[in-house]
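I have placed the structure first, in the form of structure tokens, so that the comments after it can refer back to it.
The values are calculated or read from the model by the stated rules, or taken from the named source; none is laboratory data. All values reported here derive from a predicted model rather than from experimental measurement. Here the Cβ positions follow ideal geometry from the backbone for every residue, glycine too, while neighbour counts run over all protein chains shown. Surface accessibility is based on the protein's heavy atoms, side chains included, excluding ligands, DNA and RNA. Shrake-Rupley method; radii C 1.70, N 1.55, O 1.52, S 1.80 Å.
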Amino acid sequence: MKAALFRQHGGPEVMEVGEVPTPTPGPGEVLVRVRAAALNHIDLWLRRGLPALKVALPHVSGGDICGDVAGLGPGARGVKEGDRVVVNPGISCGRCVRCLSGEDNLCPEYHMVGEQGWGGEAEYVVVPDANVVPAPAGPSDEVLAAVPIVYLTAWQMLADKARVRQGERVLVMSAGSGVGVAALQIGKVLGAHVVAAASSSDKLARARELGADEVIDYGKADLATELKRVFGKRGADVVIDSAGGASAFPVLIRATGKGGRIVTCGATAGGEVAVDLRYIFWRQIAILGSTLAPKGRLHTILQLVGNGRLKPVVDRVFPMHQVAEAHRIMEAREVFGKVVLRIAA
């Protein structure tokens, strides 16, 4: 089969399309013919090389997948050949206390499709039968491929971790990113007053179109000043952050009000930050970490996508042979929403 892969670590130029063996489904596994696969920042990090996550080379990334069931391994259940499906990217053991309690993203064996093993930026991928979800009929393959990782991440951040309530004031940082776009929409579904923050007026104009109640352009103005202008002394009830960073994260702590919750899912701007504990204990702020979500959440999310209440944003679609360019524009932050590879017609 053909696959987008890298044989060595480096910049976007190391990405290529090559021939690799077509996988065979084992017991309880499903072979998916991939129609579309969306890119995520983990794909960029794996390509560059991560000291804590060694991958065998060549490597095929990709955890966001929409396609058709092409084959079933022995004992695989729940789907049949020809079914259109979305792949749930989180793989767990299915047997431990966490998995059996509906907390499979806390399983000791938890990992993502396209990390330790090969992913969906290829003509075929094999996943456990528990990881395929029926696709809603209306949205395109490209739109559905843009759903799993960012919407699972944002759903857990807002609904499960922060437990956003009607009318709460939610700040979404990096509102033009995949997680930011998803968080903005989920915040509105949950009834929040959403403030979108991004580094360009173009991204914020699009955030407005998606329902943001207020916007902050931290590319033109000082972030701390703008947060004070928007939230005043009360502060934000919930802060959704995927970037971290030594300069920005302390500002977010100071902008969070009493009883507020800061939920972080990433550190693209840096993982080492200074925390002034006086703000934390005096305002009784909770800082919560979040990674993806339990598998069952994807069913709810896809229902909301199917009925139009959530609208995934696809910035651009590239054919598989242009995978290097797809990596380049993501690395340059020249996107709003998701970048998707079209794998098969």
| task | For the chain, find the longest principal axis of its Cα atoms and tell me its angle to the long axis of helix 178-189, 0 to 90°, nearest 10. | result | 70 degrees
| Relative contact order (percent) for the chain, with alpha-carbon contacts under 8 angstrom and 6 or more residues of separation? | 19 percent
| remark: Per the charge dipole of the chain (beta-carbon charges, Lys/Arg positive, Asp/Glu negative, Cα centre), the residue among 30, 277, 97 reaching farthest to the positive end is 277
| request: Could you give the size of the charge dipole of segment 152-270 about its Cα centre, using +1 on the Cβ of each K and R and -1 on the Cβ of each D and E, expressed in debye and rounded to the nearest 20? | output: 360 debye
| request: For segment 38-195, state the average projected area of the convex hull of the C-alpha atoms over all orientations, rounded to one decimal in nm². | output: 11.0 nm²
| Within the chain: Cβ-based charge dipole about Cα centre, in debye rounded to nearest 20 (Lys, Arg +1; Asp, Glu -1) | 1160 debye
| said: Given a Förster distance of 35 Å, report the FRET efficiency between residue 140 and residue 247 from their Cβ-Cβ distance, rounded to the nearest 0.05. | reply: 0.35
| request: Mind ranking 47, 297 by accessible surface for me, highest first, 1.4 Å probe? | output: 297, 47
| request: Find out how many positive minus negative residues lie around residue 279, taking Lys and Arg as positive, Asp and Glu as negative, among other residues whose Cβ is under 13 Å from that of residue 279. | output: +3
| remark: For segment 220-285, the dipole about the Cα centre with charges only on Cβ (Lys and Arg +1, Asp and Glu -1), to the nearest 20 debye, works out at 380 debye
| said: Given the -39500 (n - 2.57) contribution per DSSP H run of 4+ residues, what per-residue ellipticity at 222 nm results for the chain, rounded to the nearest 500 deg cm²/dmol? | reply: -7000 deg cm²/dmol
| said: If I take every Cα pair under 8 Å that is 6 or more residues apart in segment 279-345, average their sequence separation and divide by the length, what percent do I get for the relative contact order? | reply: 28 percent
| request: Read through the labelled values (i) 21.0; (ii) 16.7; (iii) 23.1 and report the label of the one computed as mean projected area of the Cα convex hull in nm² from the structure. | output: (ii)
| remark: Heads up, segment 13-104 by the C-alpha gyration tensor (a ≥ b ≥ c square roots of eigenvalues; a/c under 1.5 rounded, else a/b over b/c prolate, else oblate) looks oblate
| query | Dividing the alpha-carbon radius of gyration of segment 239-320 by 2.2 N^0.38 Å (N being the number of residues), what value is obtained? | reply | 1.43
| task | Starting from the Cα gyration tensor of segment 74-156, take the square roots of the eigenvalues, sort them a ≥ b ≥ c, and report rounded, prolate or oblate (rounded when a/c is under 1.5, otherwise prolate if a/b is larger than b/c, else oblate). | result | prolate
| task | For the chain, with a Gaussian network of springs between Cα atoms less than 10 Å apart, report the residue from 20, 97, 251 with the top mean-square fluctuation. | result | 97
| field | Counted charge near residue 198, where neighbours are those whose Cβ lies closer than 14 Å (Asp, Glu -1; Lys, Arg +1) | value | -3
| message | Charges on Cβ only, +1 for Lys and Arg, -1 for Asp and Glu, centred on the Cα centroid of the chain; of 148, 74, 247, which one is farthest towards the dipole's positive end? | response | 247
| query | Which residues in segment 301-345 place their backbone N less than 13 Å from a point set 7 Å from the Cα of residue 48 along the Cα-to-Cβ direction? | reply | 328, 330-333
| query | Can you tell which of 286, 44, 181 lies farthest toward the positive end of the dipole of the chain, using +1 and -1 charges on the Cβ of basic and acidic side chains (Lys, Arg; Asp, Glu)? | reply | 286
